[in-house]
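**Student:** Have a look at this one.
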Amino acid sequence: MKQVFSIAGYLAIKEIWRNRGRFFLVSMVIALITLLVLFIAALGEGLGNGNREYISKLDAPIMVFQSKSDFLIQASRLGRDRLAAIRRVDGVKDAGMLGVANASLILPGNQEPMKIALLGIEPGHSGEPQVEQGNQLSTSLAQEVIIDRNTALRSKLAVNDNLTIRVTQGTRDEFFTFKIVGISEGLQFALQPSVFVPFFTWDRVRSKSEAEVNLSNPVANVILVKLDNDADINSVRQRIEGQVNNVETATLNQAIQALPGYSAQQSTLNTQGGFTLFIGVLVIGGFFQIQILQKVAQIGVLKAIGTANPIVAAASIFQIMLITMVGVAIGALFAFIFSLTFPPTVPIVFNGTTSLLAVVALLLIGPIGGLASIRYAVRIEPLKALGLS
Amino acid sequence: MTTTATSSYALETKSVIKTYQSDSGTIQAVDDVSLQVTAGEFVALVGPSGSGKTTMLSILAALLQPSSGQILLDGQDLAQISDVDRVTMRREKIGFTFQANNLVPYLSALENVELMLRLNKRLDKTGRLRARELLARLGLADRMHNLPGQMSGGQQQRVAIARALIHNPSLVLADEPTASLDTERAYQVVETFAGLIHEQKRAGIMVTHDLRMVEFVDRVLLMRDGKLVQIYSDKPEILELARGSRSQ
Ligand SMILES: Nc1ncnc2c1ncn2[C@@H]1O[C@H](COP(=O)(O)OP(=O)(O)OP(=O)(O)O)[C@@H](O)[C@H]1O
Ligand SMILES: [Mg+2]
């Protein structure tokens, strides 16, 4: 066995080295495919992350919606009476209201206003992000905000700075100014950087239609529920839906899948990635198949002088793996170098798990693509060396 | 290793028959051939096109199974052993040169010769030294590190001869070793080949359609229509055969 590998390795390496130009070209093709696949994966990760970041990082495992809202956050309306009822349900540790709206952040100078997600949360309850810098919000009514890392990076605002937003209420543009008390980790919502406002303040400053302007009863979109014990999630969901009127519950994952466009976007990118891998299989398969056809006589000679089939097969596999690995390594290096040159606004995220998965898939395309050629090599008759049969 | 039978010859065949089925009926490519070759004897296999020379050589090389008959190499019957054992026989007991595409193109002359030892797990210091010596003997001292593509046909043929001899096989087979060479080179190659076979006491068989090359062999076997029709073992007779074809 050891001898099989040492001779196979010897033959494979010698052949690659003496034809290094040709093999390097194939490696470069694989490198480009790797670059493409990694970028598609990173784009999927970046877009998906930008969409779901805030929700996926919540420590409240249940999201309560108005019934028949199809888990669409903007389509759901829940008043304070429902919050009180949910808090009374057995197994619920805490519940907090979440309101979502859009606003424009006014930047100094002549810069374009920045579109942000204006999120109303209750200080001290589920939904308020942990600050990494500065303080948490103090009361539900204060003119204070927490901004996420993305907002801070893009606006260059810091803790204790003032922040002004513009919203439309009825037919008028209104401006509101807040003090930034804290900065959280990145918590984008719907691909926008986030600004967190105390809930009652949020209800006052959010954009409203003419009809809503004079309404005094604050309404949230959804309610975020923390549990005494996360393992009870199913029974608590049933109890909430049983005891509270007119609500439905979702896990965070269900809520994420229901984000507008989220699933469609992810499946589009996954399909693209899959197709790119498939093209990789065809390219590698094609190359090694053509190569083996050119090598029939030579492999026939090897077999005629007593080279056993396992050695011939192992040499082919070894070669394919080496070429693939070199290609993937070069491609990954390119991807890494390119990723350093992208501004933070480009939604590209090299997530460890996703990239690793892509790399494993890429390493597999070599052997899969080369399978036919290996089979072919094993079946070559040694008589070919004599120019017979 | 299944069958062993005693034979005083390095190679002995008994009533070897190879038939092919084709649309036009059954072809007797090799028809009842019995022959013996002793160690240190160099034999030429000649005959017109289609007479069964390559087929016979393939059977002797353990590359092709005969339809019936025995091929005893060092007492073992090649017709009876398993596929795996046949690979082992080719690696250990048989040396080859082919008509063309003899060498592994990505290995240098020396590496091609050493490969035979490598396959037999015998590539040690003495082995490496012997490979160099043998190549030097064949006039390739300054070509050891050339790739086959950087050598002439005659040089490649000589590397193949070194590869066929380096692992001390019992039987050395050459299929048309001079086919791609000019006359002068062809004489040189066959003469060196014959010298080494005699010196190292191998049983050597060369298929050739060039009768001038039989000048260096000890015996000539003439095939026609798959049958062994004549054997020339008398040296003057052989030289006559060679000279006769030279004057043509
Ligand atoms: N695989 C095969 N299938 C059918 N017939 C075959 C096959 N191989 C050889 N033959 C036939 O067997 C006979 C002997 O062929 P072989 O190649 O041994 O002749 P040869 O003496 O080497 O001829 P040449 O001098 O032209 O090389 C021929 O009639 C040939 O057509
Ligand atoms: Mg022939």
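**Student:** Which of the numbered conditions does B:Ile81 fail, given that it passes all the others? Conditions: (1) assigned to a strand (DSSP E or B); (2) more than 16 Å from ligand 1 (Cβ to nearest atom); (3) more than 19 Å from the chain's Cα centre (by Cα); (4) aliphatic (A, V, I, L, M).
**Tutor:** Just one mismatch for B:Ile81, condition (1).
**Student:** Quick test of your reading of the structure: B:Lys227 fulfils all but one of (1) under 29 Å from B:Leu78 (Cβ atoms); (2) away from ligand 1 (no atom under 16 Å from the Cβ). Name the failing condition by number.
**Tutor:** The number of the failed condition is (2).
**Student:** Here's a follow-up. Return the pairs, sorted by first residue and then second, in which the second residue is surrounded by 14 or more Cβ atoms within 10 Å (Cβ to Cβ) and assigned to a helix (DSSP H, G or I), the first residue lies in region A:141-167 and is free of Cβ contacts under 8 Å to residues at least 40 places away in the same chain, the beta carbons are less than 8 Å apart, and the residues are 6+ apart or on different chains.
**Tutor:** Cβ pairs passing all conditions: A:Leu157/A:Thr151; A:Ala158/A:Ala152.
**Student:** Given the conditions (1) more than 14 Å from every other protein chain (Cβ to nearest Cβ); (2) surrounded by 20 or more Cβ atoms within 10 Å (Cβ to Cβ); (3) modelled with pLDDT under 80, which single one is not true for A:Gly370?
**Tutor:** For A:Gly370, the failing item is (3).
**Student:** I need a count of the residues in region A:303-328 that are free of Cβ contacts under 8 Å to residues at least 12 places away in the same chain and either more than 8 Å from chain B (Cβ to nearest Cβ) or part of a helix (DSSP H, G or I) (or both).
**Tutor:** 0
**Student:** If I ask for residues that are of a type in the set (Asp, Glu) and either part of a helix (DSSP H, G or I) or touching a strand residue (DSSP E or B) at 6+ places or on another chain (Cβ under 8 Å) (or both), which ones from region B:207-247 would you list?
**Tutor:** B:Glu215, B:Asp218, B:Asp225, B:Glu237, B:Glu240, listed by residue number.
**Student:** Filter region B:109-133 down to the residues that are within 14 Å of chain A (Cβ to nearest Cβ) and part of a helix (DSSP H, G or I) and list them by number.
**Tutor:** Result: B:Ala109, B:Leu110, B:Glu111, B:Asn112, B:Val113, B:Glu114, B:Leu115, B:Met116, B:Leu117, B:Arg118, B:Leu119.
For (1) touching an Asp or Glu at 6+ places or on another chain (Cβ under 9 Å); (2) surrounded by 14 or more Cβ atoms within 10 Å (Cβ to Cβ); (3) hydroxyl-bearing (Ser, Thr, Tyr), each residue gets a yes or a no:
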| site | (1), (2), (3) |
| --- | --- |
| A:Ala264 | no, no, no |
| A:Ser267 | no, no, yes |
| A:Thr271 | no, no, yes |
| A:Phe287 | no, yes, no |
| A:Ile292 | no, yes, no |
| A:Ala297 | no, yes, no |
| A:Gly306 | yes, yes, no |
| A:Ile311 | no, yes, no |
| A:Ile317 | no, yes, no |
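**Student:** If you take the residues of region B:93-108 that are more than 7 Å from chain A (Cβ to nearest Cβ) and either modelled with pLDDT of 95 or more or in contact with a His (Cβ under 8 Å, 6 or more places away or on another chain) (or both), which of them is nearest to B:Ala61 (Cα to Cα)?
**Tutor:** Checked region B:93-108; the qualifying residue nearest to B:Ala61 (Cα to Cα) is B:Ile94.
**Student:** Which condition from (1) of a type in the set (Gly, Ala, Ser); (2) in a strand (DSSP E or B); (3) within 16 Å of ligand 2 (Cβ to nearest atom) is the one that B:Gly204 breaks?
**Tutor:** Single failed check for B:Gly204: (3).
**Student:** Right, another one. Testing B:Leu73 on (1) within 13 Å of ligand 1 (Cβ to nearest atom); (2) within 14 Å of chain A (Cβ to nearest Cβ); (3) touching a residue at least 24 places away in the same chain (Cβ under 8 Å); (4) touching a helix residue (DSSP H, G or I) at 6+ places or on another chain (Cβ under 9 Å), one condition comes back false. Which one is that?
**Tutor:** Going through the list (1) within 13 Å of ligand 1 (Cβ to nearest atom); (2) within 14 Å of chain A (Cβ to nearest Cβ); (3) touching a residue at least 24 places away in the same chain (Cβ under 8 Å); (4) touching a helix residue (DSSP H, G or I) at 6+ places or on another chain (Cβ under 9 Å), B:Leu73 breaks only (1).
**Student:** Considering only region A:30-44, how many residues are within 9 Å of the chain's Cα centre (by Cα) and crowded, with 22+ Cβ neighbours inside 10 Å?
**Tutor:** 3
**Student:** Quick one: count up the residues across region B:169-197 that are away from ligand 2 (no atom under 16 Å from the Cβ), over 12 Å from the mean Cα position of the chain (by Cα) and not in a helix (DSSP H, G or I).
**Tutor:** Within region B:169-197, residues that are away from ligand 2 (no atom under 16 Å from the Cβ), over 12 Å from the mean Cα position of the chain (by Cα) and not in a helix (DSSP H, G or I) number 2.
**Student:** I need the full set of residues from region B:5-31 which are closer than 29 Å to B:Val190 by Cβ and within 16 Å of ligand 1 (Cβ to nearest atom), in order please.
**Tutor:** Once the filter is applied, which keeps residues that are closer than 29 Å to B:Val190 by Cβ and within 16 Å of ligand 1 (Cβ to nearest atom), region B:5-31 yields B:Thr13, B:Val16, B:Lys18, B:Ala29, B:Val30, B:Asp31.
**Student:** I need a count of the residues in region B:146-168 that are under 14 Å from the mean Cα position of the chain (by Cα) and either on the phi > 0 side of the Ramachandran plot or free of Cβ contacts under 8 Å to residues at least 24 places away in the same chain (or both).
**Tutor:** 1
**Student:** Then there is this: Just to be sure I understand, how many residues within region B:52-70 are more than 8 Å from every other protein chain (Cβ to nearest Cβ) and more than 19 Å from B:Gln21 (Cβ to Cβ)?
**Tutor:** 4
The values are calculated or read from the model by the stated rules, or taken from the named source; none is laboratory data. The shown structure was predicted, so the numbers you read here are calculated from the model rather than taken from an experiment. Counting neighbours? That spans all protein chains shown, and the Cβs are built from the backbone with ideal geometry, glycine included.
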